[in-house]
Each structure stands twice: as C-alpha cells, then as structure tokens.
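One structure is given below, encoded as structure tokens.
The values are calculated or read from the model by the stated rules, or taken from the named source; none is laboratory data. Bear in mind the structure is a predicted one, so any value in this text is a computation, not a measurement. As a convention, Cβ positions derive from the backbone with ideal geometry for all residues, glycine included, and neighbour counts pool all protein chains shown.
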DNA sequence: GCGGAAGCAATATGGTCATATGATATCGGG
DNA sequence: CCCGATATCATATGACCATATTGCTTCCGC
C-alpha cells in the first residue's frame, strides 16, 4: 500500500474550509475553486475525496452538526457529574447558550447551520442529517427535563418532550433574532434563562432525593 | 403615453412566481428562465421590470414579508376590536399560528422566509428588509403584551419587549421544528399556546378595565 | 388614423462552475 | 532500488445562467 494519507483528516480539513466559506460568502458563493484555495489544496484533490458537491455538502453538514451536538452533550454530562449544588437549569442554560451566535466563533457555526438547514428543505439527504442531529439534541434536553423532574426542580406533570421542544424552539428563534438584530440590541441570554425558568420552576430538594 | 401596464401588478406577479419556485426548487435552483416560465412571460419582460437579480430578490422578499406582516397585524387588530370576551392571549395565538408551516400554503411562505432570511445573512439590502419586518412584527406582539398588562392578563412587572421576543423566538423555532420533523410528529400549536400562557398568566378582569 | 414610446419576446454573449481528463509526484513493498 | 498504487495537481470541457441586444407589437395622444 503506497503513499498513505489520512482520509478522515483530509475530509475534515476540506469540510472546515467549506464551512468557513459558507459563513463568509454564503451558499451560492461557495465554489470548488474557492474551497480548494481556502483549504490550500487543488480542486482535483477535493474530487479525489468527495464524489461530488452533494457528498461534500452532506459531509460538511454532518461534520458541523455532530461537532456541535457533541459539545452540547459534553457540557450537559459534565455538568451532570458535578450535580451537587448546581441546578439542572443552570447546566442546561450553559449548554444551550452554545447555540447562540454571541461571539465570532458561534456566529460562524450559526451561519453554517442556517445555510445548510435551509438547503435541507430541498435536499432529502441533507434533511436526514438535520433530522438525526435534531433528534439527538432533543433527546439530551428531554433527558435534562426528566432529570429535573426527578430532582424536584420541575413540576412532575410537565411533558418532558414538549417542554424540551419549547426550550429548543426558543433557543433557535433567539439565535435568528440575534443574527438579525445584532447581539448587543437585546439580552438574548436573559430571554433564554426566562424560558428555561418557566419549566424549571421549583427550587429542588436540597437534601437530595 | 402609449400602451399602459400596471407595473405594481406585474412586479407582484413576477414576485409570486419567484416565491413559488423558491419554495419548490430552492434558492440555487431559481433562474430567470424558470421564473419567466412560471409566471407565463418571457425572460426579457422580467428584465423590463427589474434591473437585475438583486432587485428582484429584494422586491420578492419585501413582498413576502409585508404580506405576512400585514396579515398578522390584521388578525391582531380585528381580534382587538372584538375584544369583549376574547382573551388577548387567544388573539395573539391565532395571529402567530399564521407563521407555522402547518398547511401547504403556510409551508410555502415558511420556505420563502427561510430561504431569503438565510440569504440576508450575506446581503445587506435583504438584511435591511428582514430587519424592518422583524421590527414591525415585534412591535405588534409587544403591543399585545402591553395591552394584556392593561387588561390584567399579564403580570404588570414583565418587560413587554423581552416577553414579546421570547414568544416570537418560540414561534420561529417551532416553525423550524415543524419543517424538519413534519407537522404530525408533535403538537406545535400546544407548545406555542403554552409559551404564550407563561406570559399571559392572569385571567384578566371580566368586568373590563 | 398615425407616430412613436412603451410592452413584450426571442436570441446572442460572455462568464462561471462542476466535473472530466491526463499528467506528475510520492512512497510502501518486494 | 525500482514497480505500481495512491496522492496531488493543472487544465480542458460542456452546461448553464445573468444580462445585453434586437426587433416586433400594441395602443395612447394628437
């Protein structure tokens, strides 16, 4: 086997370049040539690693969403470990704030999500990627609500799925508003905190369950 | 002055064709030729009415958003007129449900909004259209919250702007979820009702103010 | 009733992009 | 130490699209 190269690493590198471009010039502005230039490679090499634009798109979207989803999950579970005095609502807030475009890095990620989610409206394979990621993250938030119920921080009669969907909807919508109005024109984090607080109403049992 | 034509009507007709295409084939799939075919006219005529693609884009977006904004405003104010026994929360819900892609017509409108909002991320003139429409609709919802405070349906210490932003964020996010998961996979309207109910908590003064 | 400006359509053009093709460089194994 | 498979690149090609150009049609104002 001659001349090895790390395919996964290469694909990821190309996907990153693609995402950076997506955030700066938009979906219609991205071309193979620009991706190649941004990644510091040739156009032909991209073809070598992706069968076509569709495949690159799918991979880049999956790459972006799985990275984000993983970060949210990590924040949730590590927050879960140190659960001693930290309210579940607080852990949830810290995780979901990851989705708001409040700094440059998050804004890039938001734009990537937005571009590809919109594309997913007309591309079933992209839609499936989005659907899977949405299901995962909904599962995480849902788990947190259930956890809150166990700890007495959430009223036991709330439907965890619907509560989670409501919170997630708020985050997504807030992200759009921040992107549109600018992050300094209203306290998005406060709105999110309030939305979470309408589910996590009780103080919890300080003695543990 | 020879051979008159209703410019506004023509432009609207073209914008409608553009929007229908946007919803079905996506932003990248729309071309002048397809718009012309969809509108039943020639490519040249589109050029006659729009200086270029940018102008058509801007007009179509403005057309879509102003139509929607107007419908929301109309529902709000007519609901306001019959305010006798109808709670403000109910009027607000009926208006905002307009934004959810729960039937074919609303789904088209949602897709148009989504496509053009995403495009607005990289086009300042589109962004301005979006910003204006966002400001208007936020104003309407905000007014409803203030009205709710006057009628005793909302706790007087809530910030109308933040409450309105929270409700709007929920609607937008729910629209995305419905578009992704399908309208039959969860009760989006119930989640929206709950979100509104967390602001409109009080029952109101049945005797009027 | 007719001259001409505006409505409208068909086609030409120049550029851009995804993809194809062919050449070159690099390196593991025998 | 050299063969061949893989990695990488440079360029060609064919399609498509926005826009420009050209010419025909319609009907208002005089």
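Key figures
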{"item": "Which numbered condition residue A:83 misses (of (1) surrounded by fewer than 19 Cβ atoms within 10 Å (Cβ to Cβ); (2) at pLDDT 95 or above)", "result": "(2)"}
{"item": "The stretch B:1-21, residues that are within 14 Å of chain A (Cβ to nearest Cβ) and within 9 Å of DNA strand D (Cβ to nearest atom)", "result": "none"}
{"item": "Within the stretch A:39-92, considering residues that are within 14 Å of chain B (Cβ to nearest Cβ) and either away from DNA strand D (no atom under 16 Å from the Cβ) or over 19 Å from residue A:14 (Cβ atoms) (or both), the one nearest to the chain's Cα centre (by Cα)", "result": "A:65"}
{"item": "Residue B:75 vs. criteria in a helix (DSSP H, G or I) and under 25 Å from residue A:123 (Cβ atoms)", "result": "no"}
{"item": "Checking residue B:35 against (1) away from DNA strand C (no atom under 16 Å from the Cβ); (2) closer than 30 Å to residue A:124 by Cβ, the condition it does not meet", "result": "(1)"}
{"item": "Leading residue by the ranking (surrounded by the most Cβ atoms within 10 Å (Cβ to Cβ)) among those in the stretch A:22-37 that are more than 15 Å from DNA strand D (Cβ to nearest atom) and part of a helix (DSSP H, G or I)", "result": "A:22"}
{"item": "Residues that are surrounded by 19 or more Cβ atoms within 10 Å (Cβ to Cβ) and away from DNA strand C (no atom under 12 Å from the Cβ), drawn from the stretch B:1-16", "result": "B:15"}
{"item": "Extreme residue, nearest to residue A:108 (Cα to Cα), among residues of the stretch B:104-142 that are more than 11 Å from chain A (Cβ to nearest Cβ) and free of Cβ contacts under 8 Å to residues at least 40 places away in the same chain", "result": "B:124"}
{"item": "Residue, farthest from residue B:128 (Cα to Cα), within the stretch B:40-66, restricted to residues that are buried (at least 17 other Cβ atoms within 10 Å of the Cβ) and within 12 Å of DNA strand C (Cβ to nearest atom)", "result": "B:41"}
{"item": "Cβ-Cβ under 6 Å pairs, at least 6 apart or on other chains, the stretch A:38-58 side closer than 18 Å to residue A:5 by Cβ, far side part of a helix (DSSP H, G or I) and within 10 Å of DNA strand C (Cβ to nearest atom)", "result": "A:42/A:36; A:43/A:32; A:43/A:33; A:43/A:36; A:46/A:32; A:46/A:36; A:50/A:56"}
{"item": "Qualifying residues in the stretch A:170-198 (those that are in contact (Cβ under 8 Å) with a residue 60 or more places away in the chain and more than 9 Å from every other protein chain (Cβ to nearest Cβ)) - the one farthest from the chain's Cα centre (by Cα)", "result": "A:197"}
{"item": "Sole residue being in a helix (DSSP H, G or I) and in contact (Cβ under 8 Å) with a residue 60 or more places away in the chain, chosen from A:13, A:19", "result": "A:19"}
